[in-house]
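Take a look at this one; I'll ask things after.
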Amino acid sequence: MIFGGLDGILTSFAIVAGAAGGSLSTGVVLVLGFSNIFADALSMGVGEFLSSKAENEWIISERKREAWEMENYPEGEINEMIDIYESRGMKREDAKMVIETMSKYKDFFIDVMMAEELQLQVPEEDHTWESFKEGDAICC
């Protein structure tokens with residue numbers, strides 16, 4: 001955010017200084033300056049939208065992979081989570097009881113695996129709209 005702001009300030013200054021140095025009228029200098037500020041803001045907003053949308057789509061693809069693994073190799077996924085909980089200080093028996101209980105609820109368990117194993121938060125269904133709002137906030 002800071003680098004983007006500095007970039008916007010410097011390019012706007014360069015355009016305005018160049019236009020003023022070229023002896024263009026005050027109206028033209030203002031139009032060029034504001035046009036540049038608008039273009040920079042729009043560019044940053046679109047960039048944020050595309051970045052956020054791509055990240056959310058990647059996370060969803062990772063969730064699909066975890067769901068496939070849970071469907072095709074549940075004992076491996078369950079043991080993996082037991083190992084994670086045990087490495088965080090739980091006794092193996094307790095970790096096994098907790099994980100086996102959670103694994104009965106597949107969608108819930110897949111979301112837990114996403115958070116605990118991959119450190120990823122699954123986006124909401126309307127993640128494209130959320131990405132748009134993030135881009136809009138950056139733009140404005």
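Scan the stretch 13-27 and report the pairs whose first residue is hydroxyl-bearing (S, T, Y) and whose second residue is assigned to a helix (DSSP H, G or I) and open to solvent by less than 50 Å² (accessible area, probe 1.4 Å), with Cβ atoms within less than 7 Å and a gap of 6+ or a chain change.
If the second residue must be assigned to a helix (DSSP H, G or I) and open to solvent by less than 50 Å² (accessible area, probe 1.4 Å), no pairs are left.
Of all the helices (runs of 4 or more DSSP H) wholly in the stretch 1-115, which have at least 2 residues that are open to solvent by 30 Å² or more (accessible area, probe 1.4 Å) and modelled with pLDDT under 95?
Qualifying helices (runs of 4 or more DSSP H): 2-21, 26-72.
The values are calculated or read from the model by the stated rules, or taken from the named source; none is laboratory data. The shown structure was predicted, so the numbers you read here are calculated from the model rather than taken from an experiment. Note: ideal-geometry Cβ built from the backbone for every residue, glycine included; neighbour counts use all protein chains shown. Accessible surface is based on the protein model in full, side chains and every heavy atom, while ligands, DNA and RNA are left aside. Shrake-Rupley method; radii C 1.70, N 1.55, O 1.52, S 1.80 Å.
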